[in-house]
Amino acid sequence: MKSNAESVLEESKQNLTEKTNELKAQEKLIEDMSLKIQYLESAISDMKNMKKTHRQTDISLVDLQRKISSDDERIAVLEDEVRHLWDAKRKNNFDIHLLKAKVEEAEEKLEEVTSQVEK
């Protein structure tokens, strides 16, 4: 009986370690995505500022319209990418929440098994 409990304990420890590693990986992914979102938001802001600057210079109207159109397209693409990143971040936050719940559950099971082994 004791060896069975010890194997369950060892398995629980391994599961807990795996879930902890998954959680760390998800947190790293969220951190990376947050940095990318900040970068993209900064790029969008810079492009909008460039657009304003172009309006204030003496560039020919045709060149300016092409540049603005091109900038608008790039801004739209970047904004779309930011939306996708936010969606992915929300999903990852939800996954982390689930993993934390599983870790807590595994810790409780580990405590229970440890208590049984000590008896």
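The values are calculated or read from the model by the stated rules, or taken from the named source; none is laboratory data. Predicted, not measured: the structure shown is a model, and the values here were computed from it. Please note: Cβ atoms are built from the backbone with ideal geometry, for glycine as well, and neighbour counts cover all protein chains shown.
Out of contact with any Lys or Arg (no Cβ under 6 Å at 6 or more places or on another chain), assigned to a helix (DSSP H, G or I), surrounded by 13 or more Cβ atoms within 10 Å (Cβ to Cβ) and at pLDDT below 85, is that true of Lys100?
Details: out of contact with any Lys or Arg (no Cβ under 6 Å at 6 or more places or on another chain): yes; assigned to a helix (DSSP H, G or I): yes; surrounded by 13 or more Cβ atoms within 10 Å (Cβ to Cβ): yes; at pLDDT below 85: no.
So Lys100 fails the test.
Give the residues of region 70-119 that are of a type in the set (Asp, Glu), within 26 Å of Gln38 (Cα to Cα) and without any contact (Cβ under 8 Å) to a residue 24 or more places away in the chain, sorted by residue number. Walk me through how you get there before you give the answer.
Of region 70-119, the ones of a type in the set (Asp, Glu) are 71-73, 79-81, 87, 95, 104-105, 107-108, 111-112, 118.
Narrowing the set further to residues that are within 26 Å of Gln38 (Cα to Cα) leaves 71-73, 79-81, 87, 95.
Asp72, Glu73, Asp80, Asp87 - these are the residues of region 70-119 that are of a type in the set (Asp, Glu), within 26 Å of Gln38 (Cα to Cα) and without any contact (Cβ under 8 Å) to a residue 24 or more places away in the chain.
Are any residues in region 2-46 without any contact (Cβ under 8 Å) to a residue 40 or more places away in the chain and within 12 Å of Val113 (Cα to Cα), and if so, which ones?
First, pick out the residues of region 2-46 that are without any contact (Cβ under 8 Å) to a residue 40 or more places away in the chain: 3-4, 7, 10-11, 14, 17-18, 21, 24-25, 28, 31-32, 35, 38-39, 42-46.
Scanning region 2-46 gives Ser3, Asn4, Ser7, Glu10, Glu11.
When the residues of region 35-51 are narrowed to those that are exposed (fewer than 13 other Cβ atoms within 10 Å of the Cβ) and either of a type in the set (Gly, Ala, Ser) or touching a His at 6+ places or on another chain (Cβ under 7 Å) (or both), which ends up farthest from Glu107 (Cα to Cα)? Break it down into steps so the answer makes sense when it comes.
Step one: filter region 35-51 for residues exposed (fewer than 13 other Cβ atoms within 10 Å of the Cβ), giving 35, 38-39, 42, 45-46, 49.
In the following step, the residues that additionally are either of a type in the set (Gly, Ala, Ser) or touching a His at 6+ places or on another chain (Cβ under 7 Å) (or both) were identified as 42, 45.
Working: Ser42: 42, Ser45: 46 Å.
This residue is Ser45.
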